[in-house]
Amino acid sequence: MNLLKKAACVAGVAALAASTALTASAATTNLRIQTHFSEESPNGKLAAEFIDNIQTMSGGDVTIEMFYSSSVVTSVETFDAAATGILDCDMTGGAYQTGKNPAFQFVGDIMGGYDSPWDQYSWLYNGGGYEAAQDLYNKYDMQFIGWWIPGMESLSSSKPIRNAEDFKNWKFRSPPGLATMVFANLGASPIVMDFTEIFTALETGIIDGADASNIATNVSLGLYDIVKHTNYPGFHSMPSDHLACNKAVWDAMPESHRRIISVAMESLAFKTSMQVGKGMTAAASKMAAEGVTLHDWSPEDRASFRAAAQAAWSDFATTPEAKALLASHISYLTELGLVD
């Protein structure tokens, strides 16, 4: 009888343990995320790898439905769609939200600040940037998770762009916002126009050049079929795409799920910067061989651009959140020796 009781007791404990394990593993997270990249683009394929990493590492307990090419709402509306529960997470970029608060410029594209993606990641993870960004995102009921940075952008031009002096009276396509202020400080004539209009505007001579994207993307757009000057390596712009999630959704996740997503985001950042960097190097070599002049600015000329950028940063930082983020950047840039 004692043996039977003992066996029953052991069986009961085993059943309870199995039940507890089942309950522990039953927690699931299902996220709806939107990105502005197409599924077929290099960044879209990297996003697919990001999803696969998360789903595999979580044993299927975290699943992600990705909406590519801003298929649910427009790119600029993605942040609010996540904050209000239409989506769960935004995988576009902070710069889309500068109309909400200019502080988002300083988590989207500081312009003229850092020399490489690695310096910019370093501010985020080692220079207090993550905490500063989180303060901003939390004010809008969002949780900042991380960045994936493609790399430095290059200008395209029908005229030499050897130094800051060459920007005087230089008519070029510019994105709106901080970019127009920085280049205007150097005597350029920025013209805000849609990305899709660049090719025709260059072809017809309406503009002398364009601030479009990195050199590899500029090649894919055919810009150097028209104009034969560029700057490489780039230095004026390095947009940071982000992952940001609805804060209530994020806080409700098990810690293990949050950790998996955060680590997968760091892996995505590493792969993105490496892959894009390789593509940019190959594109630069190809363009040089095909007669495009690549202008590599001296440290002194880069410093003159950064000085003009600093003046624009101060003018753009008009809210307490923007001033706090700018102060964090300047402190770290000073530590790196990039500003005085």
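Every read-out reported here was derived from the displayed coordinates using simple, explicitly stated rules and does not represent laboratory data. Keep in mind that this is a model prediction, so the values were computed, not measured. FYI the Cβ positions are ideal-geometry reconstructions off the backbone, even for glycines, and counts take in every protein chain you see.
Among the lysines, which have Cα under 18 Å from the Cα of LYS139 when same-chain residues fewer than 8 positions away are ignored?
Here the lysines satisfying the reach criterion relative to LYS139 are LYS100, LYS247, LYS323.
List the DSSP H helices in the chain whose Cα atoms stretch 30 Å or more along the helix axis and whose mean Kyte-Doolittle hydropathy is at least 0.5.
2-25
Binning every alpha carbon pair distance of segment 120-234 at 5 Å from zero, what are the percents per bin?
2, 11, 18, 19, 15, 11, 11, 9, 4, 0
Under the Kirkwood approximation for Rh and a Cα-based Rg, what ratio Rg/Rh is obtained for segment 181-226?
0.97
If each residue of separation counts as 0.36 nm, what is the full-extension length gain between ALA324 and SER38 once their alpha-carbon separation is subtracted?
Answer, rounded to one decimal: 99.6 nm.
Enter the per residue convex hull volume of segment 294-340, computed from alpha-carbon coordinates, in Å³ rounded to the nearest integer.
That works out to 83 Å³ per residue.
So which lysines can LYS45 reach, going by Cα to Cα under 18 Å and dropping same-chain residues fewer than 8 places off?
Leaving aside lysines fewer than 8 places away in the same chain, those within reach of LYS45 are LYS271, LYS278.
Per residue, what volume in Å³ does the convex hull of the Cα atoms of segment 51-109 enclose?
Dividing the Cα hull volume of segment 51-109 by its residues yields 102 Å³.
Of all the C-alpha pairs in segment 187-317, what % are more than 27 Å from each other?
The share of Cα pairs beyond 27 Å in segment 187-317 comes to 40 percent.
Relative to the compact globular guide of 2.2 N^0.38 Å, what is the alpha carbon radius of gyration of the chain, as a ratio?
That works out to 1.18 for the chain.
Quick one: dipole size for the chain, taken about the Cα centre, charges +1 on Lys/Arg Cβ and -1 on Asp/Glu Cβ, in debye to the nearest 20.
Around 680 debye, computed over the chain.
Pick from HIS257, HIS229, HIS242 the residue whose mean-square fluctuation is largest in a GNM of the chain, springs joining Cα atoms under 10 Å.
Comparing HIS257, HIS229, HIS242 in a Gaussian network model of the chain, the most mobile one is HIS257.
Considering only the other residues whose Cβ falls under 12 Å of the Cβ of MET253, what net charge follows from Lys and Arg at +1 and Asp and Glu at -1?
Net charge around MET253: -1.
Can you spot the lysines whose alpha carbon is less than 21 Å from LYS168's alpha carbon? Ignore those fewer than 8 places along the same chain.
Within reach: LYS159, LYS228.
Would you tally the net charge around SER304, using a Cβ to Cβ cut-off of less than 14 Å, leaving SER304 out, and scoring K and R as +1, D and E as -1?
-1
At what distance in angstrom do the alpha carbon centres of segment 84-131 and segment 229-248 lie from each other?
8
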